[in-house]
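Participant: One structure, as structure tokens, below. Some questions next.
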Amino acid sequence: MKVYALVGESGTGKSHRAQQIAGMKKIECIIDDGLLIRNNRIVAGISAKREKSKIAAIRRAIFMDKSHAEEVRAKINEIQPRSVLILGTSERMIESIISALNLPPVDEVIRIEDVATPEEIEAAKHTRQAEGIHVIPVPTFEVKKQFSGYFIDAVKMFFTDSKNRNRFVEKAVVRPTYSYMGKYTISESAIISIVAHEAESVDGVARVSKVLVNNTPDGLKLSLEIIVNYGANIVAVLTRVQAAVRKMVENMTALNVANVDVTAKGLAIKDVKQLEGKH
């Protein structure tokens, strides 16, 4: 296994450039802030960005938790990657990660100054300090489950790989509680109000009769009972409600919606003549 190290101070843009470097050098896996990433997917580990303090985040990033380290080691042994890129703030941190995961010594050290201009590094530092933004080098859908309840955005970029092909990648941007807003909560009644309002805005829905919210480790599980207008295509209405509710709740709360169950419990007839005309 060939081991690469990407070294740079915190907030200088290492995670932002990790995919680009991996693409250029054909590196199979990335180890970043407690995560093992392969082919734009999180395959093992727990993100340090979920921790509640900077000290806890550092401990998570260098795999000081034995069960965490064992999980990632086992996945590496299963995958047997030919190359891996490790991100760290110093060579000492890289060595700590290598020791915790029983990896070979570093073959090549890449410094952030080698792949980013001074202006780009300063811009990355400003973004970290002013907005508390942290990048995870995977698409947003990969981190939604782990970061349910955090503020998540997407960053898209193009780069040219080693074969001069233009490649497009998406990275997730999160704002950890220890660096941005602190802990926040959303009441169940607020979620119910959002669900009911959005469902009733869907064409064909007369009213929402019941909403149940179950907050699980995987995200919200929502159950709705609705009354459908007589004459509407019930299956189509239920499908539209599912999509609309999921999108609005995720956009307004930053919570991951694991699933939305919608049941038609009755029909609403606006006009008796409408019913008579059908017979």
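Participant: Return a yes/no flag: does the range 63-70 have any residue that is free of Cβ contacts under 8 Å to residues at least 24 places away in the same chain, touching a helix residue (DSSP H, G or I) at 6+ places or on another chain (Cβ under 8 Å) and part of a loop (DSSP other than H, G, I, E, B).
Facilitator: yes
Participant: Going by the structure shown, is S67 more than 17 Å from L103 (Cβ to Cβ) and modelled with pLDDT of 95 or more?
Facilitator: Here the answer is yes, as S67 does meet what is asked.
Participant: Now for a separate question. Limited to the range 64-96, what total is found for residues that are buried (at least 21 other Cβ atoms within 10 Å of the Cβ) and not aliphatic (A, V, I, L, M)?
Facilitator: Total meeting the criteria: 1.
Participant: What are the residues in the range 6-21 that are open to solvent by less than 30 Å² (accessible area, probe 1.4 Å) and in contact with a helix residue (DSSP H, G or I) (Cβ under 7 Å, 6 or more places away or on another chain), if any?
Facilitator: Once the filter is applied, which keeps residues that are open to solvent by less than 30 Å² (accessible area, probe 1.4 Å) and in contact with a helix residue (DSSP H, G or I) (Cβ under 7 Å, 6 or more places away or on another chain), the range 6-21 yields L6, V7, G8, G11, T12, G13, K14, I21.
Participant: Additional query: If I ask for residues that are part of a loop (DSSP other than H, G, I, E, B) and within 16 Å of A61 (Cβ to Cβ), which ones from the range 1-51 would you list?
Facilitator: The answer is G8, E9, S10, G11, T12, D33, G34, I46, S47, E51.
Participant: In the range 22-63, which residues are buried (at least 20 other Cβ atoms within 10 Å of the Cβ) and farther than 17 Å from V138 by Cα?
Facilitator: Hits for the range 22-63 are E51, A57, R60, I62, F63.
Participant: Assess whether A44 counts as being hydrophobic (A, V, I, L, M, F, W, C) and more than 17 Å from the chain's Cα centre (by Cα).
Facilitator: Considered against the rule, which asks whether it is hydrophobic (A, V, I, L, M, F, W, C) and more than 17 Å from the chain's Cα centre (by Cα), A44 comes out as no.
Participant: Filter the range 232-256 for residues that are in a helix (DSSP H, G or I), more than 17 Å from V211 (Cα to Cα) and open to solvent by 60 Å² or more (accessible area, probe 1.4 Å) and give the result.
Facilitator: Matches in the range 232-256: I234, V235, N251, M252.
Participant: So which strands (runs of 3 or more DSSP E) are wholly in the range 72-159 and hold at least 2 residues that are at pLDDT below 95 and outside the structural domain of N251 (by the TED database)?
Facilitator: 134-136
The values are calculated or read from the model by the stated rules, or taken from the named source; none is laboratory data. Everything quoted here is computed from the prediction, not taken from an experiment. No Cβ is skipped: glycine too gets one built from the backbone with ideal geometry, and neighbour counts run over all protein chains shown. Areas reflect the complete protein model, heavy atoms only, side chains present, ligands, DNA and RNA absent. Shrake-Rupley method; radii C 1.70, N 1.55, O 1.52, S 1.80 Å.
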